[in-house]
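Step one of this worksheet: look at the structure below.
The values are calculated or read from the model by the stated rules, or taken from the named source; none is laboratory data. Every value quoted in this text rests on a predicted model; they were computed, and no experiment measured them. Heads up, the Cβs are rebuilt from the backbone with ideal geometry, glycines too, and the neighbour counts pull from every protein chain shown.
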Ligand code: HEC
């Protein structure tokens, strides 16, 4: 069955529309990187360097550089809070920042942002 050109046009149109509306919609993104030991350990290195000073060694929001910030750094070890956010939402917060947290869009590449998400998920333990 060959595709009629008008159908092709229709689907191309749909694709263009969905691309337009998904642009910047990081919250819907799925984590493309499996939380393997390798990924988690990469994430830990990234966290120590970029996040720990605010979020603390155990992710509890008690890092030395975070104490004077308002609001305080999020407690990433809080199970009930972490259960409510998707990886996509975490990705958006890390990518775009969340005042006073800086954006990491230009500091960490996408894969590194997913690795650090796989790592911070270990603070609260399995949520599902
Ligand atoms: C300068 C201090 C600082 C650094 C560095 C920092 N954060 Fe944050 N982070 C914060 C603060 C403050 C908040 C709370 C923002 C709010 O509640 O509006 C926050 C919030 C968050 C949240 C919760 C977002 C949400 O949707 O509620 C996540 C996840 C997070 N940070 C992850 C990270 C990761 C991962 C890194 C390193 C790549 C990092 N942060 C680096 C200060 C920091």
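Could you check segment 108-122 and list, in sequence order, the residues that are near the ligand (Cβ under 8 Å from one of its atoms) and not in a helix (DSSP H, G or I)?
Within segment 108-122, just 108 meets the criteria.
Can you name the residue in segment 54-87 that is surrounded by fewer than 16 Cβ atoms within 10 Å (Cβ to Cβ) and not in a loop (DSSP other than H, G, I, E, B) and, of all such residues, is nearest to the ligand (Cβ to nearest atom)?
It comes out as 65.
Taking the condition within 6 Å of the ligand (Cβ to nearest atom), at pLDDT 95 or above and surrounded by fewer than 17 Cβ atoms within 10 Å (Cβ to Cβ), does residue 105 pass?
Answer is no for this residue.
Going by the structure shown, is residue 97 at positive phi, exposed (fewer than 15 other Cβ atoms within 10 Å of the Cβ) and out of contact with any strand residue (DSSP E or B) (no Cβ under 6 Å at 6 or more places or on another chain)?
Here the answer is yes, as residue 97 does meet what is asked.
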